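First comes the structure, then the notes that go with it.
Quick note: the coordinates plus some simple rules give every number you see, no bench work behind them. The structure presented is a predicted model; accordingly, all values stated were derived computationally and were not measured. Here the Cβ positions follow ideal geometry from the backbone for every residue, glycine too, while neighbour counts run over all protein chains shown.
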Amino acid sequence: MTNSRSIGKILLLLGRLALAGIFLVAAYAKLKPQAPVPWSMGSMRVSLSMFAMQVDSYQLLPPSLVSPAAHFLPPFELFIGLWLLSGIALRYAGLLTSALLAVFFGVMVRSYFLGLEINCGCFGPGERLGPLTLLRDGSLLALALAVTIGAFLIHRRRAADSVPANTAQAAVS
Amino acid sequence: MLVLALVPAGFAQTSNHAQTKTVSSKQHSKPVAAQALPAPMKTFGVKSAPINMEVFSDYQCPACRAFFENTLRYMITDYVASGKVYLVHRDFPLPMHPYSMDAARWANAAARIGRFETVDAALFDNQDKWTKDGSMEQYISAALGPADFKRVQKIVSGCLTQTSGSTAAAQTAHSCDLDPFIQQDVALGKQVPVNSTPTIVITYKGQRYPPMSGIFTWPIMKQYLDSLMAQ
């Protein structure tokens, strides 16, 4: 019983760290200079504008919303990556991650079946949207869901374990 | 603490990766056009413009048409006309489109007499009509006028692979001197690499940015070009 719990905790830790790493890399790839130029506010603006073009190519949002979405997503991915890395309130971090990945996956599936020949934009420019990117994002979504379920189960178990102890303490006093 | 320790480590690792990429991308920092043998003919604007944009396009591809009509047309009247962008058309006829090679031949023939812009627009404007049977000639003729059409027709004669309407020039291609220009564009596209059309490649201050495929709206592309020039 203790052994399976330890394995579960280790798997949860590995899943959480993998997701955190992926989100941090995704944010970095979108913010880094896209040409051999030094990092600066200007280079980040260019990178975000380039990402906005990729968001635009999905033909989902009106032009007025494309730029705000493109400027919001990379910092938000950075935030999620750091949150997952910290492990604080993991079940909520997992829920948010799963929801975001479900949106990404849904948008990608839609674009693929509409026949849009575009760049994925997932890890910066240059990667074509295709079956492999769908498989990868689908796997990430499955991982995020597993981490979320695992985090909820562990939280519930901890809560259940602490109830009898508290009850016993109350009885003694 | 763990977060504070891991984040800089992660960034250090990724910046090393970025440096490795920088070295390899320096080898390709010249505009694709600069690697071409003959001077490009299918261009818009002045060569000294700060931004060089190459568009790999197929005349029969609906996405290329949408990109031309909704984005490039605005860019040509705005940023190309004001000397901010030098636009280079690159032919990338896809094998699945039976008439796109002939369309590219007409456009290249028109470029020989300095009327590329007219034929380029005529082909995209009427794409939905001529792609049914390959009858692009009438639209090119209407756009060029009789005198220039005769000159272009003479250049393109013997080059066309599709019989379109009453075309006297439509014969099977044997030795067409327009084809090397198209094949050269295709070869440049494969170097990029172009996986779909339209694909754009932007070079600014000698730095080439990653290629992007798809349809982009003009307001969003304008923001990108502005951010490049403000960098």
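The figures follow:
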| quantity | calculated |
| --- | --- |
| Simple label model, 7 Å out from Cα along Cβ direction - A:A18 to A:R110, nm | 2.8 |
| Lysine pairs with alpha-carbon atoms under 25 Å apart, segment B:36-230, spacing 8 or more or separate chains | 19 |
| Kirkwood hydrodynamic radius (C-alpha pairs) into Stokes-Einstein, segment B:36-230, 25 °C and 0.890 mPa s, D in µm²/s | 145 |
| Stokes-Einstein translational diffusion, segment A:10-113 - Kirkwood Rh over all Cα pairs, 1.306 mPa s, 10 °C, in µm²/s | 107 |
| Nearest-20 debye value, segment B:36-230 charge dipole, Cβ charges on Lys, Arg, Asp, Glu | 380 |
| Segment B:S48-B:D128, length gained on full extension (0.36 nm per residue, minus Cα span) | 25.3 nm |
| With Cα atoms, 0 to 90° folded angle of helix A:41-57 axis to chain A main axis | 90 |
| Cα long-axis angle, helix A:131-172 against chain A (0 to 90 degrees, to the nearest 10) | 20 |
| Which of B:M221, B:V46, B:V186, positive extreme of dipole for segment B:36-230 (C-beta unit charges) | B:V46 |
| Spin-label model distance (nm) - B:M41 vs A:S162, 7 Å beyond Cα toward Cβ | 7.8 |
| Hypothetical label at B:A142: residues of segment B:112-126 whose amide nitrogen lies under 17 Å (7 Å Cα-Cβ projection) | B:118-126 |
| Sites A:L153 and A:F76 - FRET efficiency at Förster radius 22 Å, r taken between beta-carbons, to 0.05 | 0.25 |
